[in-house]
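This report refers to the structure that appears directly beneath it.
The values are calculated or read from the model by the stated rules, or taken from the named source; none is laboratory data. Computed from a prediction, not measured in an experiment: that's the story for all the values here. We place every Cβ from the backbone using ideal geometry, glycine too, and count neighbours over all the protein chains shown. Remember, those area values only see protein heavy atoms, side chains included, never the ligands or the DNA or RNA. Shrake-Rupley method; radii C 1.70, N 1.55, O 1.52, S 1.80 Å.
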Amino acid sequence: MSVISRERGFTYITVLIAVAFIGLGLALAGEVWQTARMRDKEVELLYAGNQYRRAIQRYFASGLNQYPRSLEDLLKDPRKPGTERYLRKLYVDPLTGNREWGLVKAPDGGIMGVYSLSEDKPIKVAGFAFENREFEGAAKYSDWKFVYNPASQQVPITQPLPQGTQPLPSSQPFPGPGIMQQGPVPQQLPAPEVK
């Protein structure tokens, strides 16, 4: 065997190894990209679902304690003579790409919540906000049900405060980091009178 054919064989093997590594790198990059894309879709789903839940809550609270009959009722309340909106637009389910959502029916026949029709397994399984705490450990996205139920509502669903506004003071002040508060909060003594 000549030296030239050995060099050609060595070059050929080197090129094959390089192509294999490039293919492996591209496969890993594709998997990372797919995971990042699904995480973005989860964030979009949480946003859209919570917008629907808040809109249903406002619709319910705006009179007669009645749920909307369709999602379109959130765009223009048919119970009122003027235009009253609870949503600016109907959201697309980011996981399926369709405008169709699963609907959670209320006892009165209205809609008390929505959910994605996707049967895929979620990437996010823990660390949800309080209003989405029921999603912990869900096996599929369709288990993430964005429901407004006033009977089980412990804490009102809040909207972010407009910039420059302060929240109302709580009836019990926050004790501060590292301070355990036990018993009643001591009342502040009045300032002494100056004579």
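What whole number of Å gives the distance from the Cα centroid of region 46-64 to the Cα centroid of region 82-120?
Using only Cα atoms to place each centre, the spacing works out to 10 Å.
Roll a 1.4 Å probe over the protein chains and send me the accessible area per residue for region 1-91 in Å².
Ligands and nucleic acids excluded, the result is 69 Å² per residue.
Tally Lys and Arg at +1 and Asp and Glu at -1 over the other residues with C-beta under 12 Å from the C-beta of residue 72: what net charge comes out?
Around residue 72, the surrounding residues sum to +3.
In a shell of Cβ-Cβ distance under 15 Å around residue 120, excluding residue 120 itself, what net charge do Lys and Arg (+1) and Asp and Glu (-1) give?
For residues surrounding residue 120, the net value is 0.
Measure off 7 Å from each Cα along the Cα-to-Cβ vector at residue 61 and residue 28, then give the distance between these two points in nanometres to one decimal.
Inter-label distance under the simple model: 5.0 nm.
Picking from 92, 66, 81, whose Cα lies most toward the positive end of the charge dipole for region 55-127 (charges on Cβ: Lys, Arg +1; Asp, Glu -1)?
81
Assuming R0 = 41 Å, what is the FRET efficiency of residue 80 and residue 120, from their Cβ-Cβ distance, to the nearest 0.05?
Efficiency at R0 = 41 Å is approximately 0.60.
Would you mind counting up the charge near residue 62? Only other residues with Cβ under 14 Å from its Cβ, with Lys and Arg at +1 and Asp and Glu at -1.
+3
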